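The values are calculated or read from the model by the stated rules, or taken from the named source; none is laboratory data. Model, not experiment: these values are computed from the prediction. All Cβ positions, glycine included, derive from the backbone under ideal geometry; neighbour counts span all protein chains shown. Only protein heavy atoms, including side chains, enter the accessible area calculation; ligands, DNA and RNA are left aside. Shrake-Rupley method; radii C 1.70, N 1.55, O 1.52, S 1.80 Å.
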Amino acid sequence: MMPAVTARAHTNIALVKYWGKADTEFILPQTSSLSLTLDQFYTDTTVEFDERLAADEVTLNNQRLSEKASQKVHMFLNLVRQMTAGTSFARVSSTNHVPTAAGLASSASAFAALAGAASKAAGLNLDKPALSRLARRGSGSATRSIYGGFVEWQAGHDDTDSYAVPIAEQVDWPLAVVALVLDPHHKKVSSRQGMQSSVTTSPYYAAWRDVVAQDLAAIKPAIHDHDFQALGEILESNAMRMHALTLSAQPPYTYFNGDTLTAMDAVRELRDQGVPCYYTLDAGPNLKIFCEEPAVPAIKQRFGELFGTDNVIVAHPGPGLKFLA
């Protein structure tokens, strides 16, 4: 039996979105993407390989998962076993400090933490590019959660060159992200289903690839120059264009609900009142509002009035993968 290893990884929110796979087996994206890792949402995962086990045992939030529910974890652990020629099954225990499957990138922190804990528990000593490649095999966005701060996932061409690179791990300007939990439940259309539908049926998907290339080229100077307005305009328009792919798919679908639209209107109203802020959202109804620190009180007050203070969470740029034990 090898020693148990515990790793912590944080979620990230994509500012220039990943929406569509070029290869579903290796989870290679259609485009590159860029995200910000957040400090308030994270997953802690402990992995222990034990030759006495007859199968992998997976526990999430203190509840043992069924064989069917843990199949993705089992397949991921098989990748680690292939890398080490190991045969032992593993005991995996995860605690998600993220509303699962509600558009807050719980899979990103989950598989980044699993990649770190499982690889180290198996005796591997992977560098961050290798960890990023491994995490990608569990969830595309997990490839970015290996790093803190601003991170680009370079699409690459195959398994060897599709991984994340840091753009600015230490974020040295007072950015804040106000996360609204408008619906903590599982979404009806998973990210995987939604991406595939958009790629294969939206007549606008080819234009999306061009949009991403343009937005990536524009957002990096905005980050470097601390140009908040440019950053905000890019991330907000990119999000809406991604969601236009869901509305233009066949059959059409959406991750918005009524509260999502109300929150979007409130962000625009705050801007009109002189409070600089912009919104983004991934595959779920929950808005993330980007601002600088001086604007946080006004944003918290407005959205606390609309949705309740318990559903308004202030986050900041967060760290990359770290080992706790």
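Key figures
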{"read-out": "Residues located in the range 42-94, provided they are under 21 Å from the mean Cα position of the chain (by Cα), at pLDDT below 95 and of a type in the set (A, V, I, L, M)", "value": "LEU60, ALA69"}
{"read-out": "Of all residues in the range 140-158 being open to solvent by less than 10 Å² (accessible area, probe 1.4 Å) and not β-branched (Val, Ile, Thr), the one that is farthest from TYR42 (Cα to Cα)", "value": "TRP153"}
{"read-out": "Verdict on ALA213 being over 30 Å from THR46 (Cα atoms), open to solvent by 40 Å² or more (accessible area, probe 1.4 Å) and either among the small types (Gly, Ala, Ser) or within 18 Å of the chain's Cα centre (by Cα) (or both)", "value": "yes"}
{"read-out": "The range 286-311 residues that are without any contact (Cβ under 8 Å) to a residue 24 or more places away in the chain, paired with ones that are open to solvent by 10 Å² or more (accessible area, probe 1.4 Å) and of a type outside the set (A, V, I, L, M) (beta carbon under 8 Å, 6 or more apart)", "value": "THR309/LYS300"}
{"read-out": "Within the range 1-118, strands (runs of 3 or more DSSP E) holding 2 or more residues that are touching a Pro at 6+ places or on another chain (Cβ under 7 Å)", "value": "21-23, 33-50"}
{"read-out": "Residue within the range 85-106 that is over 24 Å from HIS316 (Cα atoms), buried (at least 21 other Cβ atoms within 10 Å of the Cβ) and not small (Gly, Ala, Ser) present", "value": "yes"}
{"read-out": "Some residue of the range 229-244 being surrounded by fewer than 18 Cβ atoms within 10 Å (Cβ to Cβ), over 24 Å from SER141 (Cβ atoms), of a type outside the set (A, V, I, L, M) and more than 22 Å from the chain's Cα centre (by Cα)", "value": "yes"}
{"read-out": "Which numbered condition TRP19 fails, given (1) under 18 Å from the mean Cα position of the chain (by Cα); (2) under 15 Å from SER106 (Cβ atoms); (3) not charged (D, E, K, R)", "value": "(2)"}
{"read-out": "Among residues of the range 6-48, those that are within 11 Å of ARG91 (Cα to Cα) and open to solvent by less than 10 Å² (accessible area, probe 1.4 Å), counted", "value": "2"}
{"read-out": "Count - residues of the range 255-307 that are of a type in the set (Lys, Arg) and assigned to a strand (DSSP E or B)", "value": "1"}
{"read-out": "Residue selected from the range 216-228 under the condition under 19 Å from SER32 (Cα atoms) and among the hydrophobic types (A, V, I, L, M, F, W, C), by the criterion most open to solvent (accessible area, probe 1.4 Å)", "value": "ALA217"}
{"read-out": "Counted residues, the range 223-278 - those being out of contact with any helix residue (DSSP H, G or I) (no Cβ under 7 Å at 6 or more places or on another chain) and of a type in the set (Val, Ile, Thr)", "value": "2"}
{"read-out": "Residue within the range 149-158 that is within 15 Å of the chain's Cα centre (by Cα), within 20 Å of ARG241 (Cβ to Cβ) and either part of a helix (DSSP H, G or I) or small (Gly, Ala, Ser) (or both) present", "value": "no"}
{"read-out": "Set LEU182, LEU175, LEU216: member being more than 16 Å from ASN12 (Cα to Cα) and touching a helix residue (DSSP H, G or I) at 6+ places or on another chain (Cβ under 8 Å)", "value": "LEU182"}
{"read-out": "Tabulated pairs, the range 211-226, first closer than 15 Å to THR31 by Cα, second open to solvent by 70 Å² or more (accessible area, probe 1.4 Å), C-beta under 8 angstrom, 6+ apart or interchain", "value": "VAL211/ARG241"}
{"read-out": "Failed criterion for ASN62 (all others in (1) touching a helix residue (DSSP H, G or I) at 6+ places or on another chain (Cβ under 8 Å); (2) at positive phi hold)", "value": "(1)"}
{"read-out": "Test: residue in the range 156-168 that is closer than 18 Å to ALA14 by Cα, touching an Asp or Glu at 6+ places or on another chain (Cβ under 6 Å) and not polar (S, T, N, Q)", "value": "yes"}
{"read-out": "Lone unmet requirement of (1) without any contact (Cβ under 8 Å) to a residue 12 or more places away in the chain; (2) under 19 Å from the mean Cα position of the chain (by Cα); (3) closer than 22 Å to ILE313 by Cβ for GLY258", "value": "(2)"}
{"read-out": "Residue in the range 309-323 that is farther than 30 Å from THR45 by Cα and either more than 21 Å from the chain's Cα centre (by Cα) or assigned to a helix (DSSP H, G or I) (or both) present", "value": "no"}
